[in-house]
1. Taking the residues in region B:167-213 that are small (Gly, Ala, Ser) and touching an Asp or Glu at 6+ places or on another chain (Cβ under 8 Å) as candidates, determine which candidate is surrounded by the fewest Cβ atoms within 10 Å (Cβ to Cβ).
2. Just checking, how many residues over region B:63-110 are of a type in the set (Lys, Arg) and in contact with a Gly (Cβ under 9 Å, 6 or more places away or on another chain)?
3. Of all residues in region A:100-133, count the ones that are closer than 20 Å to B:Ala258 by Cα, out of contact with any strand residue (DSSP E or B) (no Cβ under 6 Å at 6 or more places or on another chain) and without any contact (Cβ under 8 Å) to a residue 60 or more places away in the chain.
4. State whether the residues of region A:103-122 include one that is closer than 30 Å to B:Met364 by Cα and more than 11 Å from chain B (Cβ to nearest Cβ).
5. Quick one: A:Lys43 ticks every box in (1) in contact with a strand residue (DSSP E or B) (Cβ under 6 Å, 6 or more places away or on another chain); (2) under 30 Å from A:Glu200 (Cα atoms); (3) surrounded by fewer than 21 Cβ atoms within 10 Å (Cβ to Cβ); (4) more than 14 Å from chain B (Cβ to nearest Cβ) except a single one, so which number is it?
6. Could you go through region B:276-289 and let me know if any residue there is within 28 Å of A:Pro240 (Cα to Cα), hydroxyl-bearing (Ser, Thr, Tyr) and either in contact (Cβ under 8 Å) with a residue 12 or more places away in the chain or surrounded by fewer than 23 Cβ atoms within 10 Å (Cβ to Cβ) (or both).
7. When only residues in region A:213-244 that are buried (at least 24 other Cβ atoms within 10 Å of the Cβ) and facing chain B (nearest Cβ under 9 Å) count, which is farthest from A:Tyr187 (Cα to Cα)?
8. Out of everything in region A:245-263 that is without any contact (Cβ under 8 Å) to a residue 40 or more places away in the chain and surrounded by fewer than 20 Cβ atoms within 10 Å (Cβ to Cβ), what residue ends up being farthest from the other protein chains (Cβ to nearest Cβ)?
Amino acid sequence: MSILVNKDTKLVVQGITGRDGKFHASKMKEYGTNIVAGVSPGKEGETLDGIPVFNSVAHAVKATGANTSIIFVPAAFAADAILEASDAGIALVIAISEGVPIQDMIRITPILKLNGTLLIGPNCPGLITPGEALVGILPAMIFKEGNIGFISRSGTLTYEVVNLLTQNDFGQTTCVGIGGDPVAGLYFIDLLEMFENDPETKAVVLIGEIGGDAEEQAAQYIAEKMTKPVVAFIAGQTAPPGKRMGHAGAIISSGSGTAEEKIAAFNKAGVPVAKEPGEIPELLRRRLAEQSK
Amino acid sequence: MKIHEYQARQIFRDYGIPVPDGVLCYTVYEVEKAAREMDRMVVVKAQVLAGGRGKAGGVKLARTVEDAVAAGKQILGMDIKGLTVEKVLVTDAVDIEKEFYVGLINDRNTKSITLMVSAEGGVEIEEVAKNNPEKIIKYSINPLTGLLDYQARNVAMELFGNIKLAQKAASIFIKLYKLYIETDATLAEINPLVLTPENEILAIDGKMNFDDNALFRQPKILAMREPDAEELQEIAANEKGLAYIKLDGNIGCMVNGAGLAMATMDMIKLYGGSPANFLDIGGSSNPQKVIDAMNILLSDKNVKAVMINIFGGITRCDDVAKGLIKALEIIMTDIPIVVRLSGTNAEEGLALLKETGLPTVSSMSEAAQKAIELSKR
């Protein structure tokens, strides 16, 4: 088992003829992800790396039964592409595009809710269920099958930590990069709930960062609802207030959203917070040992 | 992106929100002329992109032209939170019956635009939120309908308790929402919104921030940008595909990815050092990008050592190493550099760097400790 993507995933790649879309479609296919279609308006009938290309998501769904979409279109057109997938009946949309205007995301959120579409991103590296499906731009070779669930707001920091987990023999059920934007799709609590309900997942690693209060909410959720152990790490303890640290959402504004507040919330919820990424495997080992007592 | 109060007032005015008259002045002579022409009590207000101008002495009431000149002399050139005041706004001093707060923000949790109002106007809303959160009324706006008349009116009634005044205020809320949407704002604040003894409602002070991701479709807003020296450096880095924020430590960092870059800064601090900057070079191994990044890092004279931290995912470490070697051939520097490469093709990358004699390590914590050690030499 796993969450969100697996062997049954039938993926359509929106923006498949662009540079990034083309490159990552081939990487995902190489990993074994079932890519059934690509979308690029005006290019229906062509194939790319053996993947049939359609003019619209609706055509792709009709012809192939695609149930998941990944979006590589430029930021200015990303919200439109997400809605196109949602309106075509796609159940899960992963938006990789970086730099999407916040109000575009606010505008489409209620429509996704009405259609029952789940969204991950934008500005995210995607997700992977090792051994089953890679839907994103994550470097496949660092992941390994196992029973740790993984959620992160960051990209390369995810790779850093997953690499440590894999080296310490902690394989993963599913790893999800939720992205660095202030208004995004599925967030910590949604995914914690999915991991809590996934029988294969034994523990969860959560990587947060400064900005917003999603980590505080996650801490409260863990304290109230979760039986599985969670280990956390928070990036940005040395970040100055009022400055956007690369990610649009990583900013301490009006004195809130600091790493200290987030770490305190996790500590209060009984969630150990690693001082540096290297500590995560050991904390995980300890929490799992406590759990099995 | 932030703008000055006088610019926010102009946007308010363009959308029909009542704002008292004001003149922007760069010199004391201009202040004198403006005060003389207004021929009444005025307020002289520093125009800098920082909060707490009042507390810093950057806002002064002037009853006479002489007072205004004195205020202009004091305020022009003064320093507020490290920023030099280069211009002031001379504006009508309005008689105030009562002050209110009105603001719109993007709310991450509800994923909507939220209208916030409070009868506690004229003070910083963060203070009210901390000490008297019950005194803030929040209303989450449905993005599909926008802010509707009845909603604005009901919120305004809570503040004014009088339908005539509530209708005037509601019309301001709706105009504020319209301009918020049309300018891709991330914050639009009227603080204070004042009620005068003549039952007029006016926006006395305004603050607006905008979404950097949306500036591509907001040419009028972009034209208002007045970056300070630090921001100019950040914008220049951005144009080269780098995200750079200067800090006050002495260990320069160059990292691929924002989360890893933050974790790198934290790691330096954890081991007793102090990071000189945040620098995310993104996913490319292009030598030009590494050169640009090194140039920015080394332009900070506080930097005593550089820590390069790369986790190769899709980016291959051997490509990064080649880029680095090229970059270092061009940039001759005495500043010691430690390189950490891990992930895809790390071994090949490290082998290439070994030939150059650069100290290389394979873990982040080793790199941080090494950089700190080198910075002390």
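1. By that ranking, first place goes to B:Ala170.
2. Looking only at that region, the number is 3.
3. The qualifying residues number 1.
4. Restricting attention to region A:103-122, the residues satisfying the condition of being closer than 30 Å to B:Met364 by Cα are A:120-122.
Applying the additional criterion that residues be more than 11 Å from chain B (Cβ to nearest Cβ) yields A:120-121.
Yes: one or more hits.
5. Condition (2) is where A:Lys43 drops out.
6. Looking through region B:276-289, at least one residue is within 28 Å of A:Pro240 (Cα to Cα), hydroxyl-bearing (Ser, Thr, Tyr) and either in contact (Cβ under 8 Å) with a residue 12 or more places away in the chain or surrounded by fewer than 23 Cβ atoms within 10 Å (Cβ to Cβ) (or both).
7. Going residue by residue through region A:213-244, those that are buried (at least 24 other Cβ atoms within 10 Å of the Cβ) are A:215, A:218-219, A:222, A:230-236, A:239.
After this cut, where a residue has to be facing chain B (nearest Cβ under 9 Å) as well, the list is A:233-236, A:239.
Details: A:Phe233: 16, A:Ile234: 15, A:Ala235: 17, A:Gly236: 19, A:Ala239: 22 Å.
In this case the residue turns out to be A:Ala239.
8. A:Glu260
The values are calculated or read from the model by the stated rules, or taken from the named source; none is laboratory data. As the structure is a computational prediction, the values presented were derived from the model and not from experiment. Positions of Cβ are generated from backbone atoms using ideal geometry, with glycine treated the same way; all protein chains shown enter the neighbour counts.
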